[in-house]
Amino acid sequence: MNVKERREGYGYLIDWIIRFGDLFLINVFFLISYWIFLREDLIPESLHYREKVISFLLINLCYFITSSFIRFRIASNVAYLDKIVQQSSGFITLYAVLLTAGLSIFKIINIPILPWIIIFFILGTLFIGWHVLFRILLKSYRRKGYNYRQVIIVGGGVNAIKVYKSLIGSDFGYKVLGFFDDNIEKKEELPNYLGKTSDVKSYAESVRVDEIFCTLPGSQDDLIYDLIKFSENNMIRFYMVPEFHKYIKRRFTLHFIESTPVLSLRYEPLQHFSNRFFKRCFDLIFSILVLSLIFPFIYLIFGAVIKWTSPGPVFFKQKRTGIKGKEFYCYKFRSMRLNSDANKKQAVEGDPRVTKIGHFMRKTSIDELPQFINVLKNDMSVVGPRPHMLQHTDLYSSLIDKFMVRHLVKPGITGWAQVTGCRGETKMVEEMEERVKKDVWYLENWTFFLDLKIIYLTVANAIKGDDKAF
């Protein structure tokens, strides 16, 4: 068997290794858990052979059922660690529901809810860790020149160079054989010029080519169609790199209305109902926990100090711009003395309007806690772009491109811009532009784990105190 055949033959085994590793991990984990919880009140020692067999079958059957709903892309050439973590978490969540239901139907175990949650939390951590570790090892394996796909690039323009740099600069397992372009002068410019576009077929027939990346302009329809037909007849995957990439430099989505392709200018994960539903459920649970466990004590302590140090209400409410431009009243603990500029002027460093207790609350973000009421009312989310005063929305929407894009999602108590240095007073338009950029990035790259990261960074900044919070 030659090197080419051996490389192809081993590639398909990767998925089998992942599946075998999953099943081995799950079965060993539950075997160990069985011995740990082997007590009469949880799992009786007298568990019959039939019940043990049913448990074993359920543990493995639920894995295969879950696999039919959630597919992993660990072995794919292009796969990111955050997506692997997200898919693995979703897999274990669904697996836990199915297995719990199965074991309950057969009345095999009687483990209380808390230990059961801890068991699946530990399993989930191990499961995610195994998948992340395998992906890292696979990338390392591919860096050494194994399990790669051989590709050629048709066209020698700017898009072709961008594709080339993306492929060779990654650990995704691609080997770029070279370029084909009808302009002979490109021979000196391109890293590995292989010939004219008419030479593609003969080259692909003599050398194993797994994928073709076509960067030709749309004006060469006949040639592109011919290459597509050749690729399909020779089991070569064909990818088009459209010309509009030169003026749309962001992630976008291609939809279809029947067979007509429609391009969306940006990818928005929160357009999907499942993502919005999951985010809203988290918002409700998190805000209820904060409002019932933390907020009453904070209100009693800081409410009393606010009333004692300056006349006026404990809460400050202000109209802000919400999702799709909808106005709502945003709640905060009052951190300033009553003044006529509250709805027009931002707080600045050394602002005389801010009280002493207000300065502390702003520094530690305690003044934002009443906004969990806004979250409960569905005006806001725990994480999202920070809402601005109406006057600032009117001002910056006329000065900054894409400013209103940030209002395609619900505003948040904290956000990506706030935890990455864009908090506090915006003295120049450039500072607001940077904030808007990060808000739009959040909108286009949302994941549940990104929200958790932002919450963690927010809490960490609140504990140490944020220099830009005044």
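How many residues, within segment 119-154, are at pLDDT 85 or above and either of a type in the set (A, V, I, L, M) or more than 26 Å from the chain's Cα centre (by Cα) (or both)?
Here the count works out to 12.
Please give the helices (runs of 4 or more DSSP H) falling wholly within segment 249-366 in which 3 or more residues are at pLDDT 90 or above, surrounded by 11 or more Cβ atoms within 10 Å (Cβ to Cβ) and not polar (S, T, N, Q).
Working: elements: 273-293, 295-309, 356-364.
Filter on segment 249-366 gives 273-293, 295-309.
List the pairs whose first member sits in segment 215-227 and is part of a helix (DSSP H, G or I), whose second member is of a type in the set (S, T, N, Q), and whose Cβ atoms are under 7 Å apart, counting only residues at least 6 apart or on separate chains?
So the pair list comes out as Leu223/Thr197.
Starting from residues that are over 18 Å from Phe127 (Cα atoms) and among the small types (Gly, Ala, Ser), keep the ones in segment 45-91 and report whichever is modelled with the highest pLDDT.
Filtering first and then ranking leaves Ser55.
It is to be established whether one or more residues within segment 437-445 are of a type in the set (Phe, Trp, Tyr), part of a helix (DSSP H, G or I) and under 17 Å from the mean Cα position of the chain (by Cα).
yes
If I ask for residues that are surrounded by fewer than 16 Cβ atoms within 10 Å (Cβ to Cβ) and either part of a helix (DSSP H, G or I) or at pLDDT below 85 (or both), which ones from segment 409-433 would you list? Show your work before the answer.
Narrowing segment 409-433 to residues surrounded by fewer than 16 Cβ atoms within 10 Å (Cβ to Cβ): 420-421, 425, 427-431.
Matches in segment 409-433: Gly421, Glu425, Lys427, Met428, Val429, Glu430, Glu431.
The values are calculated or read from the model by the stated rules, or taken from the named source; none is laboratory data. If you're wondering where the values come from, they're calculated on a predicted model, not measured in any experiment. So basically every Cβ, Gly included, is an ideal-geometry build from the backbone, and we count neighbours across all protein chains shown.
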